[in-house]
Amino acid sequence: MKSASISWLSLLLVLAILSSGCTVALWERDRFARYHQPATPSNLQLFHSPEADDILVRYDEKRDGSKKIEPRAYWLRGDGEPAGNPYKPQFVPVKEARLLAPIPLLDSADSIAPLADLYAVAGTNGHDFTLYSGENQAGHFELPEYMETDGRTKQVLLTPLAVIVDIVAVAVIVALTSAPYLLENSNTSE
């Protein structure tokens, strides 16, 4: 009879550990993920590199859970196809814009006048823009919004502690619920 009781208690302990609090909560999807999006205002600036015929996009970004605004810069994709959101571009140092020619950024389509070969019109929310080459639209682009899931290392490092907490919690619960039964069996065997 003791063997059956120990087996049932062991099974209960294993099931409780696998389905209990800390470890399960730690491994929830996107537990340590942070959402990045353009700040408001985004302080969007565009620059042209005549040598490479590329466009550098510079804007301010904010991250969930932080008040810090981080300046970001990236090169538009060379194939001319705008990347869809959510995406994280390959960021470059903001200082790369220093030696590049600024691209005029207009507030609305009403103010479009082909003053330059290359200019852009900012979207109403400040998180997108339309690029023009002369009178032709070269493309519509959204500033990056993406989820960064670099928390896998944190999850792995915290797992042993979470398992220990779960084992202790389950052991206490099992001890408290099985104590009357074990005490009753020990008194009857004497």
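Within the stretch 34-46, work out how many residues are surrounded by 15 or more Cβ atoms within 10 Å (Cβ to Cβ) and either outside any strand (DSSP E or B) or free of Cβ contacts under 8 Å to residues at least 60 places away in the same chain (or both).
Of all residues in the stretch 34-46, those surrounded by 15 or more Cβ atoms within 10 Å (Cβ to Cβ) come to 34, 36-39, 42, 44-46.
Within this subset, residues satisfying the condition of being either outside any strand (DSSP E or B) or free of Cβ contacts under 8 Å to residues at least 60 places away in the same chain (or both) are 39, 42, 44.
Of the residues in the stretch 34-46, 3 are surrounded by 15 or more Cβ atoms within 10 Å (Cβ to Cβ) and either outside any strand (DSSP E or B) or free of Cβ contacts under 8 Å to residues at least 60 places away in the same chain (or both).
Across the stretch 140-190, what is the total count of residues that are part of a helix (DSSP H, G or I), at pLDDT 75 or above and either of a type in the set (G, A, S) or touching a strand residue (DSSP E or B) at 6+ places or on another chain (Cβ under 8 Å) (or both)?
Here the count works out to 0.
Can you confirm whether the stretch 94-101 contains a residue that is at pLDDT 90 or above, within 17 Å of the chain's Cα centre (by Cα) and not in a loop (DSSP other than H, G, I, E, B)?
Checked the stretch 94-101: no residue is at pLDDT 90 or above, within 17 Å of the chain's Cα centre (by Cα) and not in a loop (DSSP other than H, G, I, E, B).
Kindly list the number of the only condition in (1) at pLDDT below 90; (2) surrounded by 15 or more Cβ atoms within 10 Å (Cβ to Cβ); (3) within 21 Å of the chain's Cα centre (by Cα); (4) of a type in the set (G, A, S) that fails for S49.
The failed condition is (3).
Please go through the stretch 102-125 and pick out each residue that is at pLDDT 90 or above and part of a helix (DSSP H, G or I).
Hits for the stretch 102-125: nothing passes.
The values are calculated or read from the model by the stated rules, or taken from the named source; none is laboratory data. Nothing here was measured: the structure is a model prediction, and the numbers come from that model. A quick note on method: Cβ atoms are made from the backbone with ideal geometry, for glycine too, and the neighbour counts reach across all protein chains shown.
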